[in-house]
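Okay, so here's the structure we're looking at.
The values are calculated or read from the model by the stated rules, or taken from the named source; none is laboratory data. Quick caveat: nothing in here was measured; it's all calculated off a predicted structure. Cβ placement follows ideal geometry from the backbone for every residue including glycine, while neighbour counts extend to all protein chains displayed.
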Amino acid sequence: MSRTSVIPFGPQHAAFLEPFHLKLQVEEEVVVGAEMSFGYNHRGMEYAMAQDFKRTQFLCERVCGICSFHHSSAYVQTMERLFGIEAPERAKLVRMIMMEAQRLTSHLLALGHIAETVGYENMFMQFFREREEVMTLVNRISGGRVHYSMNAIGGIRKDVTYEGLKDIGETMDRLEPRLLDLRSIVRKDRTLRKRLIGVGVLSKEAAFDWCTVGPTSRGSGLPHDIRLTGFDGYGVNGVKFRPIYYDEGDCYARTMVRMDEVIQSVDLIRQGINLMRDGPFLNAVKGNPPAADAYGRVEAPRGELMYWVRGKNEVQLDRIKLRTPALVNVPAVSAMIKGARVADVGPITVSVDPCICCTDR
Amino acid sequence: MSAAEIDLRKKLERMSLKSPRPRLIDVIAADRRDGTYDLIYVFHHEGAIVDHRYVVNEDDDITSIADLYAGALCMEREIIDMYGLKFNGVTGGFLLDPSSPKNPLRQPRKEVAKDV
Amino acid sequence: MREDAATRSPWILHFDTGSCNGCDLEVWALLTPRYDVERFGMVNKANPKHADILLITGPVTKKSEQRLINLYNQTPDPKLVIACGDCASNGVPFLDCYNVCMGVDKVIPVDLYVPGCSCRPEAIMDAVVKGIGMWKKKVEEADR
Amino acid sequence: MSMIVSSLKNLLSKPDTVRYPFERTDIPSNNRGRVVWDMERCIWCRLCEKNCPTKAIVTDKAAKTQTITRVRCIQCRTCVDVCPTNTIAMEPVYSEPGPAREVHTYAVGMKKGEYTVGLMPLSERDETRLRKR
């Protein structure tokens with residue numbers, strides 16, 4: 001029996017974009033246990049967001065910069081339920097288009113990140129080049145690269161013009177062949193397949209047990225997708241899509257789910273543009289949130305994002321709770337990591353697309 | 001094990017016989033501002049949200065459901081940090097540092113009108 | 001000679017002290033083809049002992065406060081600290097939060113502030129170019 | 001398609017890099033950069049000050065000035081939306097980084113686009129007011 005030694009990872013580490021601490025118990029080269037500690041990014045958002053429901057609209061975007069629009073969409077959806085109103089059709093479609101655009105940026109970031117972690121600098125640069133195309137697109141549409149500030153309770157703050165929609169469509173036409181090329185590279189590439197296939201396997205049962213969501217659960221053969229049930233703009237108004245899932249449960253399966261979803265997002269954006277009709281885009285609300293509670297869910301790039309809000313007839317909210325996808329996905333890493341080699345810890349951690357600012361809030 | 005917890009376990013066991021088994025979304029705690037706390041177990045079942053709501057006291061020993069859903073562990077640790085509730089066999093220190101404020105989400109008690 | 005070589009390529013250490021990832025992404029965008037900050041001889045290094053310029057994003061949370069001080073002490077002199085974004089400059093959108101120290105300058109001395117939430121990559125690049133000038137002066141003073 | 005083909009393609013195509021400090025980047029015209037005032041039209045309704053989510057704006061009716069702390073502004077565009085007289089506009093140009101945190105003051109009688117530069121006051125008082133703890 002060999003001696004167990006402990007290797008600390010982080011909080012400041014080359015493989016992670018964000019600070020979190022991983023304590024690995026290692027026997028020879030094999031990881032036998034892992035202890036994760038969080039909280040380096042804990043700011044206390046849930047307290048701050050309950051202070052003023054109007055200010056929260058801007059604050060909830062700052063929970064996470066990678067999925068900021070999903071956060072604000074989930075929040076305004078919850079508030080709409082609380083106030084008992086419905087956003088106009090056009091606003092919902094604009095939200096859907098922008099959410100899919102943000103999913104593109106997030107997934108391309110995650111794919112680039114995993115390519116970088118396995119040491120594939122060339123592919124990292126390629127993914128980030130395509131990502132920059134989407135970033136400049138959303139900058140042109142919303143005026144911001146990271147925080148779009150487009151949502152308002154009851155709709156959107158500013159309408160997207162006809163030229164804007166045309167611009168989105170043209171950019172997607174330009175982007176699609178390049179993304180398809182990248183997908184065929186990821187499918188065949190030897191380096192990626194050798195580094196990722198069979199690494200960090202999360203079985204279907206374990207994925208359910210750890211309550212994982214998003215690409216992490218879809219990579220393990222659980223076809224959860226809240227876009228089919230939660231958000232009114234998807235699947236109800238004639239938008240057609242099917243959740244993508246792979247049964248293998250390894251790092252490669254999770255990567256492929258993201259890669260296929262990138263193509264799917266391009267398709268969903270096109271469907272959204274085709275469904276768009278002229279009409280109102282804002283049903284403004286008056287007064288303070290009533291003393292009731294409501295749930296709101298969207299499918300963020302990392303999985304299901306849930307908001308729960310309870311008002312108390314004041315500007316302040318009684319309680320706002322957000323369950324971010326990373327809160328359940330990142331702890332599941334400790335299940336994937338057991339039995340892996342130390343060199344694979346980086347790719348395994350990155351393959352769930354850890355978002356520590358979401359986990360800690 | 002408190003009465004609320006026995007009830008939850010029974011419900012969970014009944015639900016787990018069904019297929020598909022409900023997926024745990026979150027465990028929410030909220031301050032009722034009178035020394036008791038709302039504890040809401042939110043599940044995703046057959047395409048919709050199903051929630052079970054309980055009211056617990058500050059010093060109740062709540063049974064952890066981490067043996068049924070491993071993902072519940074982090075949610076319970078967060079509640080320990082935020083509200084100072086006790087879960088059997090679960091330790092806090094998930095998000096907060098020793099230098100952070102203790103139980104930051106506890107709210108001041110409501111002033112109750114006394115009977116004259 | 002040492003001075004000349006050093007001032008041509010300062011190395012960056014990027015540390016996230018609790019930001020929303022917005023500015024972090026823009027720091028990453030600097031390393032990628034479109035902005036490509038390596039043209040200036042800058043390399044993102046994960047090791048504080050190699051670094052000359054510290055790029056800090058985020059309002060410093062209580063838990064990362066001590067880690068930031070450690071990183072600052074480990075970075076060799078002369079060094080330059082750039083606070084990226086509004087929250088690193090004075091903690092602004094996170095004013096109501098209980099677990100933040102309101103800006104990097106409450107913890108370590110800051111040389112340059114980059115406004116914007118999130119700050120544009122061009123703004124970070126401006127700051128870094130300005131920072132190289134300030135850093136060169138610091139190197140000259142240290143050598144004197 | 002394989003990585004080699006793709007790499008060769010990249011090698012032969014035009015570089016993607018913007019030579020930024022030496023040439024301008026394409027900042028779109030509706031980019032949320034920084035807030036500017038056209039003081040001729042200001043009616044001192046204080047809506048911008050009240051609605052600013054981060055209290056970046058301070059309106060001084062007696063001195064007839066509008067003051068903005070640049071590092072406090074999060075570019076949410078709320079002030080532009082609430083202004084009844086289109087006094088406030090959002091320029092696509094972002095605020096410059098610098099060694100000090102600048103406060104820009106717009107006063108009546110200044111030319112359009114002109115402002116005086118000050119330093120950020122110690123805002124502990126504001127912060128405690130906002131925090132209410």
Of the listed residues (A:R43, A:R62), the one being touching a strand residue (DSSP E or B) at 6+ places or on another chain (Cβ under 8 Å), of a type in the set (D, E, K, R) and closer than 30 Å to C:Q66 by Cβ is A:R43
Would you confirm whether any residue within the stretch C:31-46 is modelled with pLDDT under 80 and more than 27 Å from A:M135 (Cβ to Cβ)?
-> no
Those residues of the stretch D:40-69 which are among the aliphatic types (A, V, I, L, M) and within 24 Å of A:G143 (Cβ to Cβ) amount to D:L47, D:A56, D:I57, D:I68
Within the stretch B:11-63, work out how many residues are assigned to a strand (DSSP E or B) and in contact with a Pro (Cβ under 8 Å, 6 or more places away or on another chain).
-> 4
Identify, please: which residue in the stretch D:29-51 is within 30 Å of C:L30 (Cβ to Cβ) and surrounded by 14 or more Cβ atoms within 10 Å (Cβ to Cβ) and is, among those, farthest from the other protein chains (Cβ to nearest Cβ)?
-> D:V36
Determine, yes or no, whether A:T56 is surrounded by 19 or more Cβ atoms within 10 Å (Cβ to Cβ), among the polar types (S, T, N, Q) and touching a Leu at 6+ places or on another chain (Cβ under 8 Å).
-> yes
Counted residues in the stretch A:16-30 being more than 22 Å from C:Q66 (Cβ to Cβ) and surrounded by 22 or more Cβ atoms within 10 Å (Cβ to Cβ) come to 0
Within the stretch A:105-114, is there a residue that is in a loop (DSSP other than H, G, I, E, B) and away from chain C (no Cβ under 13 Å)?
-> no
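Do the conditions hold for C:L25, that is, is it among the hydrophobic types (A, V, I, L, M, F, W, C) and part of a helix (DSSP H, G or I)?
On the way: among the hydrophobic types (A, V, I, L, M, F, W, C): yes; part of a helix (DSSP H, G or I): yes.
For C:L25, the condition - among the hydrophobic types (A, V, I, L, M, F, W, C) and part of a helix (DSSP H, G or I) - is met.
Listed here are the residues, each with its yes/no results for (1) within 12 Å of chain A (Cβ to nearest Cβ); (2) touching a residue at least 40 places away in the same chain (Cβ under 8 Å); (3) in contact with a helix residue (DSSP H, G or I) (Cβ under 8 Å, 6 or more places away or on another chain); (4) surrounded by fewer than 21 Cβ atoms within 10 Å (Cβ to Cβ).
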{"residue": "C:D16", "(1), (2), (3), (4)": "yes, yes, yes, no"}
{"residue": "C:V27", "(1), (2), (3), (4)": "yes, yes, yes, no"}
{"residue": "C:R39", "(1), (2), (3), (4)": "no, no, no, yes"}
{"residue": "C:K45", "(1), (2), (3), (4)": "yes, no, no, yes"}
{"residue": "C:P48", "(1), (2), (3), (4)": "yes, no, yes, yes"}
{"residue": "C:A51", "(1), (2), (3), (4)": "yes, yes, no, no"}
{"residue": "C:Q74", "(1), (2), (3), (4)": "yes, no, yes, yes"}
{"residue": "C:G85", "(1), (2), (3), (4)": "yes, yes, yes, no"}
Which condition breaks for C:W11 when tested against (1) in contact with a His (Cβ under 7 Å, 6 or more places away or on another chain); (2) farther than 19 Å from A:C355 by Cβ; (3) facing another protein chain (nearest Cβ under 9 Å)?
-> (3)
Among A:G272, A:G238, which is within 30 Å of A:G112 (Cβ to Cβ) and of a type outside the set (S, T, Y)?
-> A:G272
If you go through the stretch A:290-308 one residue at a time, do you hit one that is over 23 Å from A:P223 (Cβ atoms), in contact (Cβ under 8 Å) with a residue 24 or more places away in the chain and more than 14 Å from chain B (Cβ to nearest Cβ)?
-> yes
Among the residues listed as A:K240, A:K158, A:K194, the single one being within 14 Å of another protein chain (Cβ to nearest Cβ) and part of a loop (DSSP other than H, G, I, E, B) | A:K158
Hey, can you tell me all the residues within the stretch B:75-104 that are acidic (D, E) and more than 10 Å from chain C (Cβ to nearest Cβ)?
-> B:E76, B:E78, B:D81
Please state which of the following conditions B:I65 fails to meet, knowing it meets all the rest: (1) at negative phi; (2) modelled with pLDDT of 80 or more; (3) more than 8 Å from chain A (Cβ to nearest Cβ).
-> (2)
Wholly within the stretch C:55-144, helices (runs of 4 or more DSSP H) carrying at least 2 residues that are charged (D, E, K, R) and modelled with pLDDT of 80 or more | C:62-74, C:121-143
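How many of the residues making up the stretch D:82-113 are of a type in the set (D, E, K, R) and over 29 Å from C:G103 (Cα atoms)?
First pass over the stretch D:82-113, keeping only residues of a type in the set (D, E, K, R): D:91, D:96, D:101-102, D:111-112.
Add one more test, that the residue is over 29 Å from C:G103 (Cα atoms), and what stays is D:111-112.
Counting residues in the stretch D:82-113 that are of a type in the set (D, E, K, R) and over 29 Å from C:G103 (Cα atoms) gives 2.
Mind listing whichever residues of the stretch A:97-148 are of a type in the set (G, A, S) and either over 24 Å from D:M90 (Cβ atoms) or surrounded by 23 or more Cβ atoms within 10 Å (Cβ to Cβ) (or both)?
Correct list: A:A101, A:S106, A:A110, A:G112, A:A115, A:G119, A:S142, A:G144.
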Any hit, the stretch A:135-152, residues being more than 19 Å from D:N31 (Cβ to Cβ) and part of a helix (DSSP H, G or I) = no
Test for A:E100: is it more than 10 Å from chain C (Cβ to nearest Cβ) and in a loop (DSSP other than H, G, I, E, B) | no
Mind listing just one residue for me: the one in the stretch A:44-68 that is assigned to a helix (DSSP H, G or I) and in contact with a Lys or Arg (Cβ under 8 Å, 6 or more places away or on another chain) and, of those, nearest to D:C76 (Cα to Cα)?
-> A:S68
Name, by its number, the condition in (1) closer than 24 Å to B:V27 by Cβ; (2) part of a loop (DSSP other than H, G, I, E, B); (3) of a type in the set (A, V, I, L, M) that does not hold for A:V201.
-> (1)
Could we say that A:K92 is more than 9 Å from every other protein chain (Cβ to nearest Cβ), out of contact with any strand residue (DSSP E or B) (no Cβ under 8 Å at 6 or more places or on another chain) and of a type in the set (K, R) here?
-> yes
Going through the stretch A:118-155 in order, the residues found to be touching a Leu at 6+ places or on another chain (Cβ under 8 Å) and either away from chain C (no Cβ under 13 Å) or of a type in the set (S, T, N, Q) (or both) are A:V118, A:Y120, A:Q126, A:A152, A:G154, A:G155
Return yes when C:V100 is touching a residue at least 40 places away in the same chain (Cβ under 8 Å), of a type in the set (V, I, T), away from chain A (no Cβ under 12 Å) and buried (at least 24 other Cβ atoms within 10 Å of the Cβ) and no when it is not.
-> no
